[in-house]
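Input: a single structure, listed below in structure tokens.
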Amino acid sequence: MLLKTFGWSFAVTAGGLALAGVLWGWKGLAIVGILSILEISLSFDNAVINAGILRKMNAFWQKIFLTVGILIAVFGMRLVFPVVIVAITAKLGPIEAVNLAINDKEKYEHLVTGAHPAIAAFGGMFLLMIFLDFIFEERDIRWLGWLEKPLSKLGKLDTFSAVIALAVLLVTATTVATDVAHGGGDKSATVLLSGVAGLMTYLIVNGISGFFEDKLEEDEDEEDGADGEDEADERKPAESGGGRGSSGATVVGLAGKAAFFMFLYLEVIDASFSFDGVIGAFAITNDIFEMALGLGIGAMYIRSLTVYLVRQGTLDDYVYLEHGAHYAIGALAVILLATIKYEINEVITGVIGVALIGASYWSSVIRNRREGHGGGAGSEEKTEVTSGV
């Protein structure tokens with residue numbers, strides 16, 4: 001199972017490191033290796049979140065995420081995205097921006113880091129909304145009950161999470177965005193506009209995917225009712241295996257428009273997670289190709305880890321993992337917004353994320369022992385993923 005799931009990641013790692021050694025020598029090989037580790041440490045919580053969403057999708061869309069999605073993640077976000085940022089902020093054409101990235105690395109680095117306030121505001125607000133919607137939702141299983149129970153009551157107020165997010169953005173734009181660490185000067189207007197764009201992106205993509213998901217479940221419920229109770233009873237054993245509810249949609253997984261918008265949602269999440277990795281990579285190198293190769297290898301492992309979590313049913317076995325990942329997302333969102341003004345080492349971000357997920361994993365183990373079963377309690381019925389990587 002381990003080799004089957006991580007086989008492509010191992011192959012890409014070997015090939016990537018070999019290529020780095022040939023092109024840039026031992027120094028380049030070390031840089032690519034460090035960048036790979038940086039990306040994995042920063043994005044471990046991303047894999048948990050991805051797995052929670054991916055298991056709702058059918059095999060076709062899972063494969064799209066693991067093939068087309070990895071191309072977007074590696075080439076789009078780690079190679080093309082920084083060049084696009086430079087082209088927009090410096091008002092350059094695409095060819096000029098690419099030429100700058102290759103031939104004037106210092107200026108290229110300066111322009112990308114100068115765009116950090118806008119990038120951090122967009123990504124920070126998007127991730128903050130993911131965290132807030134999770135923490136304000138009423139759920140049967142709670143990790144930190146003393147905190148989550150009262151917050152879930154507040155979440156009954158419509159749009160409460162959006163109000164909190166806007167309040168955080170307003171405070172950030174009027175305090176943190178002045179005398180920023182990246183580029184200097186007052187970036188309040190830039191941060192405010194970028195933050196609103198991040199919030200709107202979340203509301204649009206998440207809202208549309210949720211609408212089609214609910215509609216699909218309603219259609220499935222109507223079909224179940226029309227088929228009669230006897231046929232519904234025959235389907236019960238199959239339905240109880242891998243879903244989050246009793247709807248037939250959880251058996252075959254989301255498809256069509258619902259899965260398409262869920263795929264878009266996943267890609268925006270991945271983009272938001274990659275912002276800090278791309279910016280942080282400049283502390284190690286300003287070579288666009290070293291950066292893309294190192295971060296791309298790390299992205300491959302995140303995809304493979306996502307597959308592993310879904311195949312093993314890990315989120316069902318260790319029920320607090322999603323909680324830990326969402327708390328890590330909340331921490332990352334706050335850190336992203338704080339980095340508009342303050343320099344925060346990426347190691348701190350990675351350590352906080354790993355610590356929160358580790359704590360939630362250990363809490364899950366204790367819960368399983370207390371309830372009299374091991375970590376594989378829910379493993380009799382695993383959700384199958386068709387891997388394309």
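The values are calculated or read from the model by the stated rules, or taken from the named source; none is laboratory data. Since we're looking at a predicted model, the values are computed, not measured. Please note: Cβ atoms are built from the backbone with ideal geometry, for glycine as well, and neighbour counts cover all protein chains shown. Please note that ligands, DNA and RNA were not included when accessible areas were found on the heavy atoms of the full protein model with its side chains. Shrake-Rupley method; radii C 1.70, N 1.55, O 1.52, S 1.80 Å.
The condition of being open to solvent by 20 Å² or more (accessible area, probe 1.4 Å), touching a residue at least 24 places away in the same chain (Cβ under 8 Å), part of a helix (DSSP H, G or I) and touching a helix residue (DSSP H, G or I) at 6+ places or on another chain (Cβ under 6 Å) holds for only one of VAL112, VAL48, VAL74, that being VAL74. Of everything in segment 25-45 that is among the hydroxyl-bearing types (Ser, Thr, Tyr) and either free of Cβ contacts under 8 Å to residues at least 24 places away in the same chain or farther than 10 Å from MET291 by Cα (or both), the residue that is least open to solvent (accessible area, probe 1.4 Å) is SER43. If you check GLY330, GLY324, GLY296 for being small (Gly, Ala, Ser) and surrounded by fewer than 22 Cβ atoms within 10 Å (Cβ to Cβ), only one passes: GLY330.
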